[in-house]
1. Going by a ≥ b ≥ c, the root eigenvalues of the Cα gyration tensor, does the chain fall in the rounded group (a/c under 1.5), the prolate group (a/b larger than b/c) or the oblate group?
2. Which of Ala45, Ala123, Ala61 moves the most in a Gaussian network model of the chain with Cα springs under 10 Å?
3. Would you tally the net charge around Glu65, using a Cβ to Cβ cut-off of less than 15 Å, leaving Glu65 out, and scoring K and R as +1, D and E as -1?
4. Please identify, among Ile170, Ile145, Ile98, the residue showing maximal mean-square fluctuation in a Gaussian network model of the chain using a 10 angstrom Cα cutoff.
5. Distance from the Cα centre of segment 15-87 to that of segment 144-162, in angstrom?
6. Hey, got a sec? Which trypsin sites (Lys or Arg not before Pro) in segment 14-83 land in a DSSP loop and have at most 11 other Cβ atoms within 10 Å?
7. Which one of Asp29, Asp54, Asp72 has the biggest mean-square fluctuation once the chain is modelled by GNM with Cα springs under 10 Å?
8. I'd like the trypsin sites (Lys or Arg not before Pro) in segment 113-151 restricted to DSSP loop residues with at most 13 other Cβ atoms within 10 Å, sorted by number.
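The values are calculated or read from the model by the stated rules, or taken from the named source; none is laboratory data. None of the values given here were measured: they were computed from a predicted structure. Cβ placement follows ideal geometry from the backbone for every residue including glycine, while neighbour counts extend to all protein chains displayed. Accessible surface areas use protein heavy atoms only, side chains included; no ligands, DNA or RNA. Shrake-Rupley method; radii C 1.70, N 1.55, O 1.52, S 1.80 Å.
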Amino acid sequence: MPDTEIVNTLCHPEHWLVYALPWPEDARDEPQAEAAVVIAPPLIAGRTLEALPDHILGVLAWTQEYADEHPDQEIIFFTDVTRWLEWEKGLSWVSLGIDWERALTDIPEEPLLLLYLTINRRAYRHLIDTARVARVYYTNRNSEILTAEERQAVRDAFATQLHADWPPYIHRSLADGSLTLD
């Protein structure tokens, strides 16, 4: 039987990193799609962390820096880190020498705890937005600005869903042996 404190830590990480995948071609006209990934960077340690490629380590390190400066944010969008790097640090992934696109593509290939998320197009827009003011244009010639309040509502919705889905995922992974505590 795994240690209760360790299982509790696995079930309730300090924060999660959420990022968008390309919207699936076969769902081009669908209002929802499996188009996001969530990982729990605080749970990546030991041999797993040491074995990760540098481009993933770079994304994880800067995500942790962001989390340290924003301890109240349980859900961190990759675009939050990108915005913060640019707007507050005067940096970019390129200036840091981090191939962020490769990192996000490669994360699902690594032996990490992760979930794919089915999201709606509105949440997707927030996940891909790095602009100071994001204006969305529609084919009917209307447009609107994505607000910070709505972005927070999307973040809150992700938190609610992850609080419901992450612990059972951890328990299933422990039960089926895909997650072991060494």
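1. Since a/c reaches 1.5 and a/b is larger than b/c, the shape of the chain is classed as prolate.
2. Highest fluctuation among the options: Ala45.
3. The answer is -4.
4. Ile145
5. Spelled out, the Cα-based centre of one part sits 16 Å from the other.
6. Numbers: sites: Arg28, Arg47, Arg83; in loops: Arg28.
Within segment 14-83, the qualifying trypsin sites (Lys or Arg not before Pro) (loop, at most 11 other Cβ atoms within 10 Å) are Arg28.
7. Asp29
8. Hits after loop and neighbour filter: Arg132, Arg141.
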